[in-house]
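Below is one structure, written out as structure tokens, with a few remarks after it.
The values are calculated or read from the model by the stated rules, or taken from the named source; none is laboratory data. Note that the coordinates shown come from a computational prediction; the quantities given were computed from them, not determined experimentally. Reconstructed Cβ throughout: ideal geometry from the backbone, glycine too, with neighbour counts over all protein chains shown.
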């Protein structure tokens, strides 16, 4: 008998219940993973609240690391004892152990710990597709990255600096500004006390930026459009303050023939080729010292509800992991 966090209904953190369950043997093409560390991500709260609906009852969570304990028929890419991780589901990571398709797993290099993998995989893979494939940055660019002291933001600050890109980052406090700068962010803006639109235009001498990476959503959307230069791109990849209000596409023309995209990691790792490209870049960046984990919070898996409360209250910095 093992345990998992099960939600029978959507709602607040209190819908996350510690439950016992039994698992069948892995099916064809599957492996059983005994999970040693699980990543906490903002998308988990969207699943919990029903913003991104899941069939219920459900076990939330999209990333974890662990050890292969059994393999199903036809699996040749993994063997019992292999260390492995997955960055983008399938959903169900909040569990001590689980069966999942071997095609969704990658082996962990010796230099990457289970905890670092759980902290980095989804977030670093998100940064990878954002800065290499959604809008490919180049040395000398200046970009705006919202929530620069968050789990994704700190990784982005490090990686962008290594690529020769100047990062302007918004944060929610002076302490978070210090943290972002310590991770390579060149300019920080406390959006609680400063007008980020005015500050970005000041920093860029009125030119604006070619791209804004925005996971905040409703509260920053209009301002993000304002700081884009002509034919700039707004990459909106999260809704921390709620979904963006409806708008007319004509607004993009009025503000300089702008582009807007709403990407998801799942579409950027949908094929095995893309998954290996993405995770390969992440492992290479770790090996080169371009990015590192900042695990500033650890919670027992059974206390996942408390972890959700802290995340939504913006009390966390860097990455948070759940430990079975």
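Assorted remarks:
- The listed residues are 156, 240, and the only one of them that is under 15 Å from the mean Cα position of the chain (by Cα), surrounded by fewer than 21 Cβ atoms within 10 Å (Cβ to Cβ) and closer than 30 Å to residue 50 by Cα turns out to be 240.
- Checked against the criterion of being outside the structural domain of residue 87 (by TED's automatic domain parsing) and assigned to a helix (DSSP H, G or I), region 210-221 contains one or more residues that satisfy it.
- Within region 243-256, considering residues that are part of a loop (DSSP other than H, G, I, E, B) and surrounded by 11 or more Cβ atoms within 10 Å (Cβ to Cβ), the one modelled with the lowest pLDDT: 243
- Residue under evaluation residue 72, criteria (1) closer than 22 Å to residue 310 by Cα; (2) modelled with pLDDT of 95 or more, criterion not met: (1)
- Selected residue [in a helix (DSSP H, G or I) and touching a residue at least 24 places away in the same chain (Cβ under 8 Å)] from 321, 291, 286: 286
- When residue 317 is tested against (1) farther than 16 Å from residue 120 by Cβ; (2) buried (at least 20 other Cβ atoms within 10 Å of the Cβ); (3) in the same structural domain as residue 96 (by TED's automatic domain parsing), exactly one condition is not met: (1).
- Flag if residue 58 is at pLDDT 95 or above, over 21 Å from residue 320 (Cβ atoms) and over 18 Å from the mean Cα position of the chain (by Cα): no
- Residue in region 262-281 that is surrounded by 13 or more Cβ atoms within 10 Å (Cβ to Cβ) and more than 28 Å from residue 89 (Cβ to Cβ) present: no
- Some residue of region 62-73 being free of Cβ contacts under 8 Å to residues at least 40 places away in the same chain and part of a loop (DSSP other than H, G, I, E, B): no
- Given (1) free of Cβ contacts under 8 Å to residues at least 40 places away in the same chain; (2) in a helix (DSSP H, G or I), number of the condition residue 192 does not satisfy: (2)
- Of the numbered criteria (1) buried (at least 24 other Cβ atoms within 10 Å of the Cβ); (2) closer than 22 Å to residue 221 by Cα; (3) at pLDDT 95 or above; (4) within 13 Å of the chain's Cα centre (by Cα), the one residue 86 fails is (2).
The rows are residues; the columns are (1) touching a helix residue (DSSP H, G or I) at 6+ places or on another chain (Cβ under 8 Å); (2) farther than 23 Å from residue 264 by Cα; (3) free of Cβ contacts under 8 Å to residues at least 12 places away in the same chain.
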| site | (1), (2), (3) |
| --- | --- |
| 131 | yes, no, no |
| 152 | yes, no, no |
| 172 | no, yes, no |
| 178 | no, yes, yes |
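- Residue list for region 92-103, restricted to those being touching a helix residue (DSSP H, G or I) at 6+ places or on another chain (Cβ under 9 Å), outside any strand (DSSP E or B) and buried (at least 18 other Cβ atoms within 10 Å of the Cβ): 93, 94, 96
- Across region 214-224, a minimum of one residue is classified as over 25 Å from residue 317 (Cβ atoms) and either surrounded by fewer than 18 Cβ atoms within 10 Å (Cβ to Cβ) or modelled with pLDDT of 95 or more (or both).
- Residues located in region 28-42, provided they are out of contact with any strand residue (DSSP E or B) (no Cβ under 7 Å at 6 or more places or on another chain) and surrounded by fewer than 23 Cβ atoms within 10 Å (Cβ to Cβ): 28, 42
- Which numbered condition residue 311 misses (of (1) without any contact (Cβ under 8 Å) to a residue 12 or more places away in the chain; (2) in the same structural domain as residue 11 (by TED's automatic domain parsing); (3) not in a loop (DSSP other than H, G, I, E, B)): (1)
- Flag if residue 304 is modelled with pLDDT of 90 or more, over 16 Å from the mean Cα position of the chain (by Cα), within 23 Å of residue 42 (Cβ to Cβ) and surrounded by 18 or more Cβ atoms within 10 Å (Cβ to Cβ): yes
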